[in-house]
Amino acid sequence: MLSRRSALGAGLSLIAAPFLNARAQALPQARRLVLFFTPNGTAHRVERWHPTSTSMGFTVAPGSILEPLMAHQASLLPISGLYFPDATNHEGGMRAMLTAGGPDSVDQYIAARIGGGSRFRSLSFGVQTSAWGANAQTRMSYAGGQLVHPEDSPANVFTRLFGAVAGGPTELAKLRRRRQSILDAVRGDLGALKSRLGTEQATKLDAHLSALRAMEIGLDAPPPSGMGCTTPVLSMDSQDPSNFPAITRAQLELMVSALACDMTRVATVQLAHTVSPLVPTWLGSTTSHHELSHRGDDEFVRAERWFSEQFGALLTLLAARQDPAGGGSLLDTSAVVWVKELGDGGLHTCEDVPFVLAGKAGGRWNPGRYLARPGVPHTKLLTELCQAMGLTDDYFHDQRYRGALEGVS
Amino acid sequence: MRRAVLVIVGSLALSACTGMLDGKKDPPTPNGPQLTACFDGTQRTPVTPPPRIRRLSRYELENTFESLLAGSGKRVHALLPADAVRDGYDSDAELLRASELYVDAVRRLSEEVSAQLDANTLLPCGGSACADAFIRDFGARVFRRPLRPAEVPRFRAVFDVVAADDGAVAGARATIEAFLQSPSFLYRTELGDTTSTLTNDELASALSYGLWASPPDRALLDSALQDDATRAEQVRRLLADPRARLALDHFAEQWLELERLDSAVRSPVLFPDDSPALREALRREALDTFANASTLSAFLTDRPATVSAPLLPVYGASWGPERAGVLGLGAILMAHSTSETSSPVHRGKLVRARFFCQSLPPPPPGINAALPDFVPGQSNRERFSAHSTNAACSGCHRLMDPIGLGFERFDALGRTIDADARGEVLDTQSSVDGTFDGVPELAGKMAADQAVTACVLSQWSRHALGVSANAASCGELGWLPSSSAPPATMRALLEVPFTAPNFVRRSAPSPDADEPPVPDAGTPVTPTGVTTRVRIDSDWGAGSCRTVFVDNGTASAQTWTIELSKVGTITSLWNAVVDDSGAMWRFSGAPHNVTVQPMEGTSFGFCVTSP
């Protein structure tokens, strides 16, 4: 154990717990997991991302990408140096970022294990992720090897989450009977079709069947209630690039409302996607964010700082709402991570990929510091997320790399 | 003013292009040999397709809902998540699956549409006396086949439950919702029957969704489509119908990558003429050009006699001699440009990948090339010269840039400019190798090349059949037939995937679709040798859902009954019936799985609320 730790290099503060396995039990846990994605790596070649460690914590250079987040400094834990094992390039990075090459992304893996008590096992929010359809470039989450689709439309999200029909007990009982009878017929039809299929084709219907079960569970869910559980959303064209900032804001508010109303414990929000044609016109650019990432110039840094502001807005929203299960604000109880699919955008490699952890993860994390972890596989961070959410997994998909990322607690 | 700036245009840049990037991925896409076998008269037997199901794509579902209720198609687009795509096509039979988001959206859609349908027309007697007739009629319409015996009571149960609460009209609306959420509506089958032949209803849907992206009409359902001559006649009728544009336009948008027009940004300083209306006119022109092309050669080389008013800013009063065919269309040229200037890389890649079916790997990581910034008026030939002089770049870029530089007479709006338009096509494994001067000469060479015809056939077949490039080929895994000459007309080319004899055949038989009647099995007992496994699919504390697997390990067919300890109150049960009266639950099969064949298994499921 000690030799492995010392092999991880300087700057690592040893933690007290002697055994990693015991650590998962002993440390407090996060109640919720929140992942925030922005595309096309960062501006490493011009050194506009890395913070500097100080005795008091860390500082960032004026004009650098993380500067807009510094209002939340005490909640931040930026991590540099992590790499994606066996993955590189835009598509490879997008695929490996949350999966480590396995069939499930970490959000879906965790949701499948701890999400059963929630109205939704997980919720995936998107901002203009779908103009190219769904493929390995436009999706970051997987369940059983299948792409998981985020909802790009705030109006659709609103109806799905908060559009439950109101009514008295009699009306609700009738509605439940109605929906149950429909569900039974649908499932009967599915069963009859499936019984005629060979194994390979039958698996195509598995996701449909499990989705029907999730819907059935939702039949018994009480309508959302409480302060701010019905955030209204203006309807807008969710594909219009000029609406990107407004959609981002709406999705962040809806996501935080869903967490504050205890509708889910696992939520992700994905802004655009790798190689996205998104042009940050609201910043005055006429060049796509992807092309900007290859330049790595001031215009790219400006766009990255805008994404940084959005992550900061998310943290502000989380800090302002109490976790309905207790334990303080949502920022206190949640494990929040800003994830990216690449290190330097121009080189499009998956080395020194920037991660920003935020929140206290229920007291498990010790933020306000900067961690440099050169040459450490990011799968250890994914393992840490599993353990932070109460799972006892010692590795995430890739058995070569055991143990959670050291130094975050 | 040169400074170190990367030039990476779109998703393409620099690669050695020495071979497959990743041996673990799909096999290579068809190259020359897999496609040249299409028209060389080779005696080969195309692959017989396997039995399969296909979820309707979002686009197909849009048209399907639209045919049910005018105006509902756009709600499908607004509510459903985008589909998974392969090679740019959204119809892939393997990738199209359901998800929680999809299932929730379909429920909402079904509720919206059901509320708007005219229940008085659907249920003319206004009561339950005509409920079965309504179920049969509406069910046949949305399932695109007559209902099977067991299906009428399944949907009648919905009607009865809701009609008891809220009356017959409410019962009819709930029944409609159940139909519109059922897999028999949302998927179509290509399973075939016990003789491995697609049923007539399956063929009708395969043709109508392939050629109309819409449900079949009465004439199609009433035709004997297993007969090759009848089917060919219907294929011609469908292609001649205006509804064919729904499928052809959708294909052409994806094939020619016209969706890029939506997200393209143009510098308003350099291109003040750009507007949404102009782009829409360009898109419309491209789609019309494909749908109206008499032959592939005409599509590649024809020049329009006149220029419509909205397109004057792009073309001027008439097409100049520098412009010809689809590759001269403003929509194509604009969609394959950057915000400031033309993109030889995108244009070269379009020709290479979409007309020669040669796939190019993504740019390798870790390479950083410095190219000059774009300066208005500067030559791309000069700007892109690093791609051919730098060995790390030239391996791949020699396959794209030399073709794309032949398009340099056209700017990022598709307008004609003065520029050097010498082009080269190298190593295409086709007769087009060599140099060309401008788009008209390139188009002429492509029109004469059978490899291009075979590639266009493959592109269309990928979309129409919902298969990978390997299946849409004449290679070892190919579903396409070989012939001694290319199709003479565009229509003949479009017919090929549907008229081939293997279109109606499947590689294995499928069970009889009509579920067996309830057998008089007396009092069944759990047979020796039958084993069960229980899987807890979800457990939310207050309840759970479980799947029970029943495996017949004996050498004879078994009618099964199994007993399980009670763990709560059953709220939902499928593929089995339960006797709840004893100390244990006593499950036995539903009509379709009450008997399990030797060494085979079945499963059923139930949800409970915990005590």
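Details
- Of all the numbered requirements in (1) surrounded by fewer than 21 Cβ atoms within 10 Å (Cβ to Cβ); (2) over 25 Å from B:S72 (Cα atoms); (3) not aromatic (F, W, Y), B:A119 misses one, and that requirement is (2).
- A:Q73 falls short on exactly one of the conditions (1) touching a residue at least 60 places away in the same chain (Cβ under 8 Å); (2) crowded, with 21+ Cβ neighbours inside 10 Å, and that condition is (2).
- Flag if A:A155 is open to solvent by 20 Å² or more (accessible area, probe 1.4 Å), in a helix (DSSP H, G or I), assigned by TED's automatic domain parsing to the domain that holds A:E253 and not hydroxyl-bearing (S, T, Y): yes
- Strands (runs of 3 or more DSSP E) lying entirely in the range A:43-138 (those with 1 or more residues that are under 26 Å from A:P154 (Cβ atoms)): A:123-127
This table checks each residue for (1) modelled with pLDDT of 95 or more; (2) surrounded by 15 or more Cβ atoms within 10 Å (Cβ to Cβ); (3) outside the structural domain of B:A84 (by TED's automatic domain parsing); (4) of a type outside the set (D, E, K, R).
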| position | (1), (2), (3), (4) |
| --- | --- |
| B:Y102 | yes, yes, no, yes |
| B:A105 | yes, yes, no, yes |
| B:S114 | yes, yes, no, yes |
| B:G126 | no, no, no, yes |
| B:C130 | no, yes, no, yes |
| B:F138 | yes, yes, no, yes |
| B:P149 | no, no, no, yes |
| B:V158 | yes, yes, no, yes |
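- Unique match (being among the small types (G, A, S), part of a helix (DSSP H, G or I) and within 20 Å of B:N575 (Cβ to Cβ)) among B:A178, B:A164: B:A178
- From the options A:L271, A:L315, residue that is closer than 24 Å to A:E47 by Cβ and either surrounded by 22 or more Cβ atoms within 10 Å (Cβ to Cβ) or not assigned by TED's automatic domain parsing to the domain that holds A:W132 (or both): A:L271
- Considering the conditions (1) within 30 Å of B:E257 (Cβ to Cβ); (2) buried (at least 18 other Cβ atoms within 10 Å of the Cβ); (3) out of contact with any strand residue (DSSP E or B) (no Cβ under 9 Å at 6 or more places or on another chain), B:L96 is excluded by exactly one of them, (3).
- Residue within the range A:346-361 that is more than 14 Å from every other protein chain (Cβ to nearest Cβ), part of a loop (DSSP other than H, G, I, E, B) and over 15 Å from the mean Cα position of the chain (by Cα) present: yes
- Flag for B:A115 being at the interface with chain A (Cβ under 8 Å from one of its Cβ atoms), aliphatic (A, V, I, L, M) and out of contact with any Pro (no Cβ under 7 Å at 6 or more places or on another chain): no
- Residues located in the range A:124-150, provided they are at the interface with another protein chain (Cβ under 9 Å from one of its Cβ atoms), touching a Lys or Arg at 6+ places or on another chain (Cβ under 8 Å) and either free of Cβ contacts under 8 Å to residues at least 12 places away in the same chain or open to solvent by 20 Å² or more (accessible area, probe 1.4 Å) (or both): A:N135, A:Q146, A:L147, A:V148, A:H149
- For the range A:390-409, the set of residues classified as closer than 20 Å to A:F355 by Cα and open to solvent by 70 Å² or more (accessible area, probe 1.4 Å) consists of A:H397, A:R402, listed by residue number.
- For the range B:574-595, residues that are open to solvent by less than 50 Å² (accessible area, probe 1.4 Å) and within 11 Å of chain A (Cβ to nearest Cβ) total 7.
- Exactly one residue among B:D401, B:D437, B:D418 is charged (D, E, K, R), more than 30 Å from B:T189 (Cα to Cα) and buried (at least 21 other Cβ atoms within 10 Å of the Cβ), and that residue is B:D401.
- Residue in the range B:61-73 that is facing another protein chain (nearest Cβ under 10 Å) and within 24 Å of A:A136 (Cα to Cα) present: no
- Total residues in the range A:256-284, condition within 11 Å of another protein chain (Cβ to nearest Cβ) and touching a strand residue (DSSP E or B) at 6+ places or on another chain (Cβ under 8 Å): 1
- The condition of being assigned to a loop (DSSP other than H, G, I, E, B) and not assigned by TED's automatic domain parsing to the domain that holds B:R86 holds for B:T195.
- Identity of the residue in the range A:178-202, in contact with a helix residue (DSSP H, G or I) (Cβ under 6 Å, 6 or more places away or on another chain), within 19 Å of B:E111 (Cα to Cα) and open to solvent by 20 Å² or more (accessible area, probe 1.4 Å), that ends up farthest from the other protein chains (Cβ to nearest Cβ): A:R179
- Applying the set (1) among the β-branched types (V, I, T); (2) closer than 19 Å to A:F125 by Cα; (3) outside any loop (DSSP other than H, G, I, E, B) to A:V301 leaves exactly one unmet item: (2).
- Residue match in the range A:222-242 (condition: part of a helix (DSSP H, G or I) and open to solvent by 40 Å² or more (accessible area, probe 1.4 Å)): yes
- Top-ranked residue in the range B:159-177 [being within 19 Å of B:R108 (Cα to Cα) and of a type in the set (D, E, K, R); ranked as nearest to the chain's Cα centre (by Cα)]: B:E177
- You will find that of B:L300, B:L278, B:L225, B:L239, the residue that is open to solvent by less than 60 Å² (accessible area, probe 1.4 Å), away from every other protein chain (no Cβ under 14 Å) and not in a helix (DSSP H, G or I) is B:L225 and no other.
The values are calculated or read from the model by the stated rules, or taken from the named source; none is laboratory data. Being a predicted model, the structure only gives us computed values, none of them experimental. Cβ: placed from backbone, ideal geometry, glycine included. Neighbour counts: every protein chain shown. Surface areas here come from the heavy atoms of the whole protein model, side chains and all, with no ligands, DNA or RNA. Shrake-Rupley method; radii C 1.70, N 1.55, O 1.52, S 1.80 Å.
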